[in-house]
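One structure below.
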Amino acid sequence: MKKTLIFFVFLAAFLIPCFSETDEDCIVCHEDPELKTEEGKSLFMDYEKFLSSIHGQAGISCVDCHSDLMNFEDFPHAEKLNAVNCGMCHEKAMEEYKKSIHSQATPEEDCCTVSCKDCHGKHDIKSKNNYDSRVFPLNLPRTCENCHLERVKTKRGGEFIGQYTRSIHFRALDKAGLTLSANCSHCHGAHDIRGVHDPPSRVSRRKIIRTCGVCHVGIEIDYMEGVHGKDYVKGIKDVPVCTDCHNEHNISSPQDMNSSVYATKVAEVCSRCHDDEVLARQYGFLTARLKTFSNSFHGTASKFGETRVANCSSCHGFHDIRSSSDTKSSIHADNLPETCGKCHAGAGKNFAKGKIHVISEKTGNKWAYFVKTFYIIMISCIVGVFLIFIAADLFHRVFRKWIAKKRQT
Ligand code: HEC
Ligand code: HEC
Ligand code: HEC
Ligand code: HEC
Ligand code: HEC
Ligand code: HEC
Ligand code: HEC
Ligand code: HEC
Ligand code: HEC
Ligand code: HEC
Ligand code: HEC
């Protein structure tokens, strides 16, 4: 009994290679660089390259992927073969991909269909950690941009996507070789990419804080402690998220003049909401922040490009902005000397006392209003008296000359 079993096992081991095709069966024809379809599309298959791919290395054979030729012997085979189903072996990737916007793209409406091979290739697929892989972080932007710079007509178009190559994230990736810097798939995902306004999308308003926070952990914590973050958690959609202040693809260092949060541009970013009458009524905050800021010494200097003066975030902070009633706030009365003192050495309570956002001067700092009014009246009086004095003197001189002339004649 045992002997017959051993015999059959040996027989099977001998026969299986005879019945199933080997790669040899395919490359006899497909290694020929001249082999083409009737339409002239090349059917050449670079076997050396395939052997160095991850599938070649793993011992996967042609018919494992081109599975309709499994156990096929009667060559030549049919002209048209079924498309390769990568999901046979990569179930998880396939399941995620099926839910993505890419699996729904159609050649008619969009530029093209998007399948596994558009991001990974066919016969030269490498591990994602291999420097030559199309999805290795340093190569990935190019893989996505192949379609997204020109071919795909999304809402904001290729120019919007192309801004990524000017961002600090791309520079860190491309110039500094920092593979941990943000690339397309850190923000959008790889297999489960959704439409950008789809709620489960990583870049939707509800998810973007976490998406950036994966790397900028400390900033996410700060943001959550501030007035904007506290309301974000409650689901209020009007508070700013990272991309409202920093933009999406062209994120730059705040020291870069092109940054949306460069010192002289911050006021514009905050005022988009804080000078909005509708939002102000809804949330009960004071408006005219930009106007009052622009009228201040800081605002005027800032308009002329002076970066050392205070902008909104020098006084309010930027990620953990708090209401003035919060004792931890940088604009709480007790903390103002310290806040102003960052730049005005030795600023005391009195220095910081004056209202910063003076809307109507009467309702602002009464003393400042009084002193200013007093000065205006006094200066007007002095100038007036001088003018009268000069006029009288002039009149006197002219009159005397006229009298003298009369006397001569
Ligand atoms: C006798 C030569 C020959 C052998 C052996 C052969 N092929 Fe082909 N193959 C062809 C030709 C010719 C075509 C082009 C058919 C056409 O479109 O005119 C082709 C086309 C193909 C295509 C493209 C089909 C499509 O739908 O566009 C694939 C994939 C393919 N072969 C895979 C294989 C695999 C895998 C094997 C081994 C199991 C194999 N071939 C063995 C000659 C061969
Ligand atoms: C990892 C899976 C995989 C393996 C293994 C594989 N192929 Fe392919 N092959 C593809 C994909 C994907 C395509 C693109 C067409 C499609 O989607 O069906 C393709 C297309 C082809 C074509 C059509 C020409 C072209 O380049 O589009 C030929 C010929 C071909 N394969 C031959 C082979 C041969 C011969 C082998 C074995 C030496 C092999 N393939 C192994 C995935 C594979
Ligand atoms: C839009 C481009 C894109 C498409 C389409 C795509 N992939 Fe990927 N794939 C990626 C990226 C990017 C990575 C690397 C992810 C990472 O670094 O963690 C990846 C990684 C992988 C990996 C490595 C393991 C893993 O999950 O990280 C496998 C396996 C894989 N993809 C298979 C597939 C299969 C199968 C399909 C088709 C169902 C597919 N991919 C479609 C972009 C794509
Ligand atoms: C017959 C099963 C099979 C098929 C079909 C198949 N693969 Fe694979 N794939 C594997 C195996 C096995 C590995 C090697 C796994 C390893 O070494 O970790 C692999 C590895 C990969 C990797 C690298 C994973 C990594 O760790 O970075 C990618 C990417 C990949 N396959 C994509 C594809 C794509 C795209 C297709 C369709 C064109 C495909 N595979 C078809 C079995 C398959
Ligand atoms: C730092 C994060 C980040 C990186 C890196 C990034 N994106 Fe985006 N992307 C976003 C955000 C945020 C949006 C807009 C979401 C919104 O409108 O609310 C967006 C929007 C898009 C859109 C939709 C465009 C439209 O018209 O609505 C596409 C397509 C896109 N990105 C592709 C890419 C590609 C390709 C790359 C890599 C070259 C990339 N993104 C890199 C965050 C990022
Ligand atoms: C083969 C071409 C192709 C490749 C490669 C490709 N895409 Fe796409 N992408 C499309 C098409 C087509 C759509 C669908 C357009 C639509 O419906 O708005 C799309 C949609 C998207 C969207 C949703 C846009 C929106 O309007 O909400 C994002 C985000 C996106 N792709 C990111 C990526 C990223 C990231 C990569 C690389 C990992 C990538 N794509 C690779 C063709 C491609
Ligand atoms: C209300 C607007 C606003 C929001 C929301 C916001 N930021 Fe900022 N961020 C700023 C400003 C303004 C600066 C510049 C501060 C400075 O001048 O140093 C800044 C600076 C930064 C810096 C550089 C830090 C430094 O001092 O160099 C990073 C990184 C950053 N933000 C990331 C984020 C991330 C991630 C999020 C979302 C969790 C976020 N920001 C949300 C306004 C904002
Ligand atoms: C995958 C990790 C990663 C993700 C996700 C990410 N970043 Fe970054 N970010 C970095 C790295 C790394 C740098 C530092 C680059 C350098 O200094 O050269 C950086 C730099 C920055 C800077 C400039 C900081 C400075 O001081 O110059 C800002 C602003 C910024 N990121 C904002 C964002 C925003 C907003 C998002 C989400 C839309 C985001 N980042 C998502 C990794 C990431
Ligand atoms: C996308 C719109 C938006 C942007 C941009 C924005 N904010 Fe706000 N901010 C809000 C909303 C909405 C509230 C009200 C939250 C509440 O009190 O319920 C708020 C609250 C505040 C408060 C507390 C107000 C109070 O009365 O307690 C301060 C201070 C503040 N923001 C400062 C800033 C500064 C400084 C910037 C720029 C760095 C900025 N905000 C950018 C929407 C915005
Ligand atoms: C020189 C410091 C300074 C600058 C610059 C500044 N603020 Fe203020 N801000 C304050 C102080 C102090 C208060 C609280 C007392 C007051 O109302 O004068 C305040 C109050 C506010 C409030 C009401 C918050 C509350 O809790 O009462 C908002 C909203 C606000 N500022 C937004 C802005 C915006 C937007 C900018 C830029 C356009 C800006 N601030 C520039 C110091 C400053
Ligand atoms: C980011 C730095 C910075 C912060 C913070 C700041 N200032 Fe200033 N401020 C300046 C600079 C620079 C000037 C120009 C001073 C000069 O040229 O001597 C200036 C000028 C002024 C002036 C008019 C000129 C003068 O010296 O009398 C007043 C008033 C003033 N600041 C008040 C304040 C108050 C009050 C605060 C706190 C609520 C404050 N500043 C916070 C940088 C700052």
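The values are calculated or read from the model by the stated rules, or taken from the named source; none is laboratory data. This is a predicted model, so every value here is computed, not measured. Virtual Cβ from ideal backbone geometry, glycine too; neighbours counted across all protein chains shown. Side chains included, ligands, DNA and RNA excluded: accessible areas come from the protein's heavy atoms. Shrake-Rupley method; radii C 1.70, N 1.55, O 1.52, S 1.80 Å.
I388 falls short on exactly one of the conditions (1) of a type outside the set (G, A, S); (2) at pLDDT below 75; (3) more than 45 Å from the chain's Cα centre (by Cα), and that condition is (2).
Can you find a residue in segment 159-166 that is within 16 Å of ligand 3 (Cβ to nearest atom) and within 24 Å of C270 (Cα to Cα)? Taking every residue of segment 159-166 in turn, at least one turns out to be within 16 Å of ligand 3 (Cβ to nearest atom) and within 24 Å of C270 (Cα to Cα).
Under the condition of being among the polar types (S, T, N, Q), over 29 Å from the mean Cα position of the chain (by Cα) and closer than 15 Å to T264 by Cα, the residues counted in segment 300-344 number 1. Here the condition is being in a helix (DSSP H, G or I), surrounded by 16 or more Cβ atoms within 10 Å (Cβ to Cβ) and at negative phi; of I221, I209, it holds for I209 alone. Pairs are defined by a Cβ separation below 6 Å, a sequence spacing of at least 6 or placement on different chains, a first member in segment 54-76 that is open to solvent by 50 Å² or more (accessible area, probe 1.4 Å), and a second member that is more than 12 Å from ligand 2 (Cβ to nearest atom) and part of a loop (DSSP other than H, G, I, E, B); the pairs so defined are I54/S127. Within segment 166-186, the set of residues being closer than 24 Å to S204 by Cβ and either touching an Asp or Glu at 6+ places or on another chain (Cβ under 8 Å) or not in a helix (DSSP H, G or I) (or both) comprises S167, I168, L180, S181, A182, N183.
Just give me the residues in segment 224-237 being farther than 19 Å from S313 by Cα and not in a helix (DSSP H, G or I), in sequence order. The answer is K234, G235, I236, K237.
Give segment 286-318 a look and list any residue that's among the aliphatic types (A, V, I, L, M) and either in contact with a strand residue (DSSP E or B) (Cβ under 6 Å, 6 or more places away or on another chain) or closer than 18 Å to S260 by Cβ (or both), or say none. Explain how you work it out, then say what you get.
Start the filter on segment 286-318 by keeping residues that are among the aliphatic types (A, V, I, L, M), which leaves 286, 288, 290, 301, 309-310.
Passing the criteria: only L290.
Step by step: first the residues of segment 240-256, then only those that are over 19 Å from V196 (Cβ atoms) and not acidic (D, E), then the one that is least open to solvent (accessible area, probe 1.4 Å). Which residue is that? Quick ask: steps written out before the conclusion?
The first filter runs over segment 240-256 and keeps only residues over 19 Å from V196 (Cβ atoms), leaving 252-256.
Checking the rest, the ones that are also not acidic (D, E) come to 252-255.
Details: S252: 15, S253: 31, P254: 63, Q255: 151 Å².
Out of the qualifying residues, it is S252.
Restricting segment 330-357 to residues that are in contact with a Gly (Cβ under 8 Å, 6 or more places away or on another chain) and at pLDDT 90 or above leaves a set whose member that is farthest from ligand 8 (Cβ to nearest atom) is P337. Criterion applied to G299, G284 was being open to solvent by less than 30 Å² (accessible area, probe 1.4 Å) and under 18 Å from H357 (Cα atoms), and the one residue passing it is G299.
Checking the structure you have, find out if any residue of segment 281-291 is touching a Lys or Arg at 6+ places or on another chain (Cβ under 7 Å) and part of a helix (DSSP H, G or I). Give the derivation first.
If we filter segment 281-291 for residues that are touching a Lys or Arg at 6+ places or on another chain (Cβ under 7 Å), which is where we start, we get none.
For segment 281-291, residues touching a Lys or Arg at 6+ places or on another chain (Cβ under 7 Å) and part of a helix (DSSP H, G or I): absent.
Before we move on, is G226 open to solvent by less than 50 Å² (accessible area, probe 1.4 Å), out of contact with any helix residue (DSSP H, G or I) (no Cβ under 6 Å at 6 or more places or on another chain) and among the small types (G, A, S)?
On the way: open to solvent by less than 50 Å² (accessible area, probe 1.4 Å): yes; out of contact with any helix residue (DSSP H, G or I) (no Cβ under 6 Å at 6 or more places or on another chain): yes; among the small types (G, A, S): yes.
Yes, satisfied.
Just wondering, is there one or more residues in segment 196-210 that are away from ligand 6 (no atom under 16 Å from the Cβ) and either in contact with a strand residue (DSSP E or B) (Cβ under 6 Å, 6 or more places away or on another chain) or over 22 Å from D276 (Cα atoms) (or both)? Yes, there is a match, as at least one residue in segment 196-210 is away from ligand 6 (no atom under 16 Å from the Cβ) and either in contact with a strand residue (DSSP E or B) (Cβ under 6 Å, 6 or more places away or on another chain) or over 22 Å from D276 (Cα atoms) (or both). If the condition is being more than 8 Å from ligand 1 (Cβ to nearest atom) and over 22 Å from I125 (Cβ atoms), then segment 25-35 contributes D32, E34. For E38, the test of being at pLDDT 90 or above and loosely packed, with under 10 Cβ neighbours inside 10 Å is failed. Applying the set (1) open to solvent by 70 Å² or more (accessible area, probe 1.4 Å); (2) within 16 Å of ligand 5 (Cβ to nearest atom) to S259 leaves exactly one unmet item: (1). Across segment 94-138, the qualifying residues are those that are in a helix (DSSP H, G or I) and touching a helix residue (DSSP H, G or I) at 6+ places or on another chain (Cβ under 7 Å), and the one among them that is farthest from ligand 6 (Cβ to nearest atom) is M94. On the given criteria, is G213 more than 13 Å from the chain's Cα centre (by Cα), of a type in the set (G, A, S) and outside the structural domain of H332 (by TED's automatic domain parsing)? When the stated conditions are applied, G213 does not pass them.
Within segment 36-59, if we keep just the residues that are in a helix (DSSP H, G or I) and small (G, A, S), the residue that is farthest from ligand 1 (Cβ to nearest atom) turns out to be S52.
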